[in-house]
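Here, each number is a calculation from the coordinates, and none is a lab measurement. Here the structure is a predicted model, which is why all the values come from computation and not from measurement. Cβ placement follows ideal geometry from the backbone for every residue including glycine, while neighbour counts extend to all protein chains displayed.
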Amino acid sequence: FSGRHCNVEIETGSELTLGATVVDWWNVTDRPDNAFVAGDVDSDRFFDLLIERLARL
């Protein structure tokens, strides 16, 4: 995975956007980072790893 750490909040106070995920990409809120937001995924490698780990169960 590649991506970056950002502040992520879920909208709970607006009827129009209730439940929307808000990512502060540019740090305009000055809130501390609380999530790693994945941007790119090597899907072949991810699914190979997933299948391998599930086979161990």
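Table for the structure above
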item: Estimated [θ] at 222 nm from DSSP helical runs (n ≥ 4, -39500 (n - 2.57)) normalised by residues in the chain, nearest 500; result: -7000 deg cm²/dmol
item: Simple spin-label estimate for residue 14 and residue 47 in nanometres, 7 Å along Cα-Cβ; result: 3.6
item: As computed over the chain, the Cα convex hull volume per residue (Å³); result: 133
item: Distance between segment 1-16 and segment 25-57 - C-alpha centres, whole angstrom; result: 15
item: Using alpha-carbon coordinates, inclination of helix 43-55 to the longest axis of the chain, degrees; result: 60
item: The chain, relative contact order [Cα under 8 Å, separation at least 6], %; result: 42
item: 3J(HN,Hα) from dihedral phi, segment 17-26, Karplus parametrisation 6.51/-1.76/1.60, rounded to Hz, x for glycine, proline; result: 10, 3, x, 6, 8, 10, 10, 8, 4, 10
